[in-house]
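The block underneath contains the structure these notes are about, expressed in structure tokens.
The values are calculated or read from the model by the stated rules, or taken from the named source; none is laboratory data. None of these values were measured; they are calculated from a predicted model. Ideal geometry is used to build each Cβ from the backbone, glycine not excepted, and the neighbour counts take in all protein chains shown. Side chains are part of the model used for accessible areas, which takes the heavy atoms of the whole protein and leaves out ligands, DNA and RNA. Shrake-Rupley method; radii C 1.70, N 1.55, O 1.52, S 1.80 Å.
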Amino acid sequence: MLDILRIYLTDFVGYLQFLLEAISVICILIATLKTLLLMFNNWCEKVAQSGSKIRLVFGNGLATALEFQLAADILITTVEPDTESLIRLAVIAVIRTFLNYFLAKELAAEKSNRAE
């Protein structure tokens, strides 16, 4: 009975991981499209819109995507907790956390520059 539940749980987690990764890709796609639209509007209307708004839109999309990717990695490690996957998760988590930290720091700087 436990083996059957473990199989179902592993399958469910695999589907959930795929869903989280798909959401991450969708976040990047939406952020890219929004950014390109803002850039196109800037170019067509010759509006003196600052590049910081464009960077904020894209940066927020990337930060959101990173969060979903990290959640997917954590989720898959919960059902396959061998040493290799735990080390891989630790490395990925550190890298993504640093990326997210510096991205958030840059976005905060952009927001404060826009407020001035």
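How many residues does the range 49-75 contain that are of a type in the set (Asp, Glu) and open to solvent by less than 80 Å² (accessible area, probe 1.4 Å)?
Summing the residues that are of a type in the set (Asp, Glu) and open to solvent by less than 80 Å² (accessible area, probe 1.4 Å) in the range 49-75 gives 1.
For the range 76-116, which positions are β-branched (Val, Ile, Thr), open to solvent by less than 80 Å² (accessible area, probe 1.4 Å), farther than 22 Å from residue 64 by Cβ and free of Cβ contacts under 8 Å to residues at least 12 places away in the same chain?
Correct list: empty.
Residues 110, 67, 84: which one is farther than 20 Å from residue 25 by Cα and touching a helix residue (DSSP H, G or I) at 6+ places or on another chain (Cβ under 9 Å)?
The conditions single out 110.
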